[in-house]
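A.B. asks: Below you'll find the structure I mean.
The values are calculated or read from the model by the stated rules, or taken from the named source; none is laboratory data. Every value quoted in this text rests on a predicted model; they were computed, and no experiment measured them. Quick reminder, even Gly has a Cβ in these numbers, built from the backbone with ideal geometry, and neighbours come from all protein chains shown.
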């Protein structure tokens, strides 16, 4: 069993924001596999799909981004999910818009959702798929970053987002059936390759 956990904020006001890319990627997978979200036993939505003989549980935490670790820790504890079987999908303001970066572990990189997960799990060693949202509009001032990640994509940015989301869902599926190394080799490239 693999677990793909998309990070975002619940609620209509956050739907189209940069910070909700993790939710958007999982919604793309739900659409593609014709699944439906269901309430989980914790503060998250779940749906299961089967891909190339692998059971994959998709998870959308409802704890809001800054408390994502509470939902992830609940999954790990309740279902005895090994951290290496989890892939966290999130936005990243340090990566150019449209690019993907998979890693088997690492720091939070200034991402509050990843910080919360690291804090709750007491480890940095869990796979993550970062989806680039950085543009020339990305503020250099950290104090302005919250407003930026909670803003909607500009119309001219949408083609890159629409190209990135299906690639990210493919990368998550690749991780699930072929492992992190294969997925990294295949998807850690520029969006045009």
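A.B. asks: Would you tally the residues in the stretch 15-45 being at pLDDT 95 or above and either surrounded by 18 or more Cβ atoms within 10 Å (Cβ to Cβ) or in a helix (DSSP H, G or I) (or both)?
C.D. replies: Going through the stretch 15-45 one residue at a time, the tally reaches 18.
A.B. asks: Of all residues in the stretch 47-65, how many are surrounded by 18 or more Cβ atoms within 10 Å (Cβ to Cβ) and either part of a strand (DSSP E or B) or in contact with a helix residue (DSSP H, G or I) (Cβ under 6 Å, 6 or more places away or on another chain) (or both)?
C.D. replies: So the count comes out to 10.
A.B. asks: Another question, then. Looking at residue 145, is it outside any loop (DSSP other than H, G, I, E, B), at pLDDT below 95, in contact with a strand residue (DSSP E or B) (Cβ under 9 Å, 6 or more places away or on another chain) and surrounded by 15 or more Cβ atoms within 10 Å (Cβ to Cβ)?
C.D. replies: yes
A.B. asks: Among the residues in the stretch 122-134, are any part of a loop (DSSP other than H, G, I, E, B), at pLDDT below 95 and loosely packed, with under 14 Cβ neighbours inside 10 Å?
C.D. replies: No: zero hits.
A.B. asks: I've got another one for you. Out of (1) in contact with a strand residue (DSSP E or B) (Cβ under 7 Å, 6 or more places away or on another chain); (2) in contact (Cβ under 8 Å) with a residue 24 or more places away in the chain, what's the single condition that is false for residue 163?
C.D. replies: The failed condition is (1).
A.B. asks: Which numbered condition trips up residue 81, out of (1) within 19 Å of residue 59 (Cα to Cα); (2) outside any loop (DSSP other than H, G, I, E, B)?
C.D. replies: Exception for residue 81: condition (2).
A.B. asks: If you take the residues in the stretch 66-98 that are more than 14 Å from residue 128 (Cβ to Cβ) and within 15 Å of the chain's Cα centre (by Cα), which one is surrounded by the fewest Cβ atoms within 10 Å (Cβ to Cβ)?
C.D. replies: 66
A.B. asks: Take the stretch 99-114 and flag every residue that is surrounded by fewer than 22 Cβ atoms within 10 Å (Cβ to Cβ) and either under 15 Å from residue 9 (Cβ atoms) or touching a residue at least 60 places away in the same chain (Cβ under 8 Å) (or both).
C.D. replies: Within the stretch 99-114, 101, 103, 104, 112 meet the criteria.
A.B. asks: Is it fair to say residue 101 is modelled with pLDDT of 95 or more and touching a strand residue (DSSP E or B) at 6+ places or on another chain (Cβ under 8 Å)?
C.D. replies: yes
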